[in-house]
Each structure stands twice: as C-alpha cells, then as structure tokens.
1. Give the residue that is farthest from residue 160 (Cα to Cα), with candidates limited to residues of the stretch 182-211 that are free of Cβ contacts under 8 Å to residues at least 60 places away in the same chain and within 16 Å of the ligand (Cβ to nearest atom).
2. Filter the helices (runs of 4 or more DSSP H) completely within the stretch 132-232 down to those with at least 2 residues that are modelled with pLDDT of 95 or more, surrounded by fewer than 18 Cβ atoms within 10 Å (Cβ to Cβ) and over 20 Å from the mean Cα position of the chain (by Cα).
3. Would you say residue 115 is farther than 23 Å from residue 181 by Cα and either in contact (Cβ under 8 Å) with a residue 40 or more places away in the chain or part of a helix (DSSP H, G or I) (or both)?
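The values are calculated or read from the model by the stated rules, or taken from the named source; none is laboratory data. All figures in this text were calculated on a predicted structure; none of them were measured in a lab. Cβ: placed from backbone, ideal geometry, glycine included. Neighbour counts: every protein chain shown.
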Ligand code: C5P
C-alpha cells in the first residue's frame, strides 16, 4: 500500500487572532503548513498530499510548497468537512482504497503513531483515528456560554477520548458517509463522526499527547517546544 493524505488547510484560524491564516504562521522560520506537509511526506508509506486551500489564499503560491510535485492543490470549502470532501473527490479509490485525513494545524504528529494507525486499521480491516484518553475530570455546563456557566453534571471520563488526526478510512466509504451526512444536515466535525453516522466501525488508536492542534496563540509556543524536542 501507498497512501494519500488529504490535508484541510482552508480555515481562517479566527481563534488565533493573527494577521494571516494560522497555517502560515512560522515556527523556526518555516510555516506550520510546511512543517505538517514535510512530516507527512517523510513517512515512507505516504506518496502524496492533497491540500485543500482557501479560495483567497495568497500565501501558498508564493511558498516553496507550490513547486513540489507530491502536493496536489484543490479548493477548500465553507466548513472543514467541505474542504475534506473536495480533497477526497480528487482521489481514484481504485488506486487508493484507503485514505488518510490530517489537519494542517497539527505539525507535531509522530511517524510512529501514523505507523500504528495504518497497521491497526489494515489488520482489523476497519477505519480509525489517533486519539488520547481524557485525563481531566469532565463537566457538562448548563448553558452554552464559554466564559461562565454552572455545572450540570460530571461526565464519566473512563470512556472519553480526544479525537486527533490523522484519521484513516476506506476512501469510498468515507466519501459516501460524508455525502450522506451532509444530505441529512448532520454536523460533521471529523471523519469519524461521518463514519459513525453511517453505522460503520471506527478504531480509537492511542496516540502521543504531543500531537496538538494549533488553535490559540499559546499553542504556537507549545508546538515550537515540541518540534524542537522531537528534533533532539
Ligand atoms: O479550525 P480548526 O482548527 O478546527 O480546523 C481544523 C483544520 O481544518 C485546519 O487545518 C483548517 O485549516 C481546516 N479547515 C478547512 N476548511 C474550513 C475550515 C477549516 O480546511 N472551512
């Protein structure tokens, strides 16, 4: 097998409060997007990356990534799921029966975790995703207010996981699952949620906590620390 990775990179990164989309912020002089793509393409089983980019993206064309022939560019969409679907449609499922999807904002993913995701999924003939077991005590708030709320209840954390990426699914099943969820107007925030809606199995593969998604300004400092640590 060789694999294609769809990388949704069409978000604006509003929560980052930066003056460019967060995937173009730099760490050690290199954009987050370039860190992520280089890491993925350094995996021996990964052949190509399909990048879903925003329509008004002015940064990609000027970057070194634009010169590479192992990167295919497609248009992103309104939501992450639309960007992923556009990427998936560029794949020939006959040639690539399985597909990985990975957030542009996760440059610290480890190759050994990608190895385990691929080998476990193929061995079990099931799609799956990298995930970390929840460590904190979890509370459900009474109101949907991000600044202050009262506690409704404590949520049993034994079975709770954080969903990360990459996520690996059979190409045809994933396209069908996403299209059918979109037709039913079900909110899809990751590939696994579409697969679950379709009644298919999804494996949770325990992964490193270093695989953070850069969302807030603080995460940039943490990602720099992790990337430097991984180099040494
Ligand atoms: O905003 P968030 O960090 O959850 O986005 C996860 C990933 O999805 C990011 O890599 C972002 O660029 C991508 N995305 C996208 N198209 C959108 C929204 C987000 O490709 N419309």
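1. 187
2. Correct list: 171-183, 217-231.
3. Yes, satisfied.
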